[in-house]
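Chemist: Pasting a structure below so you can have a look.
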Amino acid sequence: MTGPRRTRPFAVMHVTDRGRSVIDHLAEWLTEERPGTVVSRAALRRLVMAGQVRLNGRGLRAPGAPLLPGDRLEWWCDPATAARPQGGPPPSITILFEDPHLVVVDKPSGLAMHATADPRRPTLVGVLAQQLGCAPHELGVHQRLDVGTSGVVVFGRSPEANRGLSQQFTHRLVEKSYLAVADARRRPDCRAGQSWCETRPLRKRGTGRAARVEVDVAQGEPAETHFRIRARQDDHVLVEARPVTGRTHQIRAHLAAVNLPIVGDIAYGWRGAPGRLRLHAARLALQHPVTHQPLVFEAPVPVECVLGTGGRTGDRQRPLRVPTGGQKSRSDRERTR
């Protein structure tokens, strides 16, 4: 999962001036070395916190640390992971299901749900609205997947649909199933077939980028997640998670609390090469808010979220399943034209 260990850094920088921080120096160097790209300072922070940048040969986890003339900074991962091309077309969103009341999509990893502080950054709501030819406010949002999480997201497109979806999510009538690849180096006891229910309360601490969710039995909010180990390969396990409640970072925090951090989740204890968060919203089951027909939506599992098979296993999800007589997905309609 983590690949072979490097014996040499990707790049070395020598500091000649005083007072600038590590992240400022890295951002300037990357802009000069990769013209035509936009530097992601958030990605730079993640790289430093993950130990992928060394100062004078030693590990460094302080992006704001001041530098002195003569200091030596080393990249121990590809610097391209902190840069993205400037401009370019927005990503295309795969539509799993569409009718006058609902649209269900397969959200890609790395795409934020809503607008962020960077107005140039595409969002799922904005890109989908452009793709559908509607205004962003016409898409009713009832889920909030993290930026790194991929998978099924449903939007309401009519007042009746939004009312019905809101009631189902509020009363916990929507069944959600996620797949996660977790680091099990500290859990040699984990085996395929094991299952448990995590009910410890969660509490958010901190604000902004420093905010984290952790178990707090005394003051936390109720949280319930059902887990099952579907497979194990070496130091990694494929975990199915079925959250009952919908707390922020619930699956990530509950897995971290039992020493099973999700691969790529630096904020919750993953220590390794940076990469995408290996968390995928694989399945969503609900009742159509207008026709009251039961619906089940499934998003194909990315290769990164399948253990050691290039994505060709029985754990791979079918693109979509709806009952006979339901509305077809856009791709189904195109194939029958």
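We did not get these values from a lab; they are worked out from the coordinates using the rules stated. Keep in mind the model is a prediction, meaning the values are calculated, not measured. Here Cβ is always computed from backbone atoms with ideal geometry, including for glycine, and neighbour counts include all displayed protein chains.
Chemist: Go through the range 104-112 residue by residue and turn each phi into a ³J(HN,Hα) via Karplus (6.51, -1.76, 1.60, θ = phi - 60°); whole Hz please, and just put x for glycine and proline.
Modeler: Values, residue by residue: 10, 10, 9, 6, x, 5, x, 9, 5 Hz.
Chemist: Test of understanding: extend the Cα→C-beta vector of V215 to 7 Å, then name every residue of the range 143-159 with backbone N under 13 Å from that spot.
Modeler: Nothing falls inside the zone, counting backbone N under 13 Å.
Chemist: How big is the dipole moment of the range 94-335 about its Cα centre under a simple scheme where the beta carbon of each Lys and Arg is +1, that of each Asp and Glu is -1, and everything else is neutral? Debye, nearest 20, please. If you can, show how the numbers build up before the last one.
Modeler: Values: 36 positive and 24 negative charges, 69 e Å.
Once rounded to the nearest 20, the dipole reads 320 debye.
Chemist: For a protection proxy built on the mean count of beta-carbon atoms within 10 angstrom, sort 176-182, 267-273 highest first, please. It would help to have the intermediate numbers written out before the result.
Modeler: Values: 176-182: 24.0, 267-273: 18.4.
Packing order, densest peptide first, comes out as 176-182, 267-273.
Chemist: Kindly state, to the nearest 0.05, the FRET efficiency for C197 paired with S92, given R0 = 35 Å and r defined as their beta-carbon distance.
Modeler: Taking R0 as 35 Å, the efficiency between C197 and S92 is 0.35.
Chemist: Assign one of three labels to the range 94-335, namely rounded, prolate or oblate, based on the Cα gyration tensor with a ≥ b ≥ c the square roots of its eigenvalues; rounded applies when a/c is under 1.5, prolate when it is not and a/b is larger than b/c, and oblate otherwise.
Modeler: Numbers: a/c = 1.60, a/b = 1.41, b/c = 1.13.
Prolate.
Chemist: Something else now. Give the shape of the range 266-306 as rounded, prolate or oblate, defined through the alpha-carbon gyration tensor: a ≥ b ≥ c are the square roots of its eigenvalues, a/c under 1.5 means rounded, and otherwise the shape is prolate if a/b is larger than b/c and oblate if not. Intermediate values should be presented prior to the final figure.
Modeler: Details: a/c = 5.82, a/b = 2.84, b/c = 2.05.
In terms of gyration-tensor shape, prolate.
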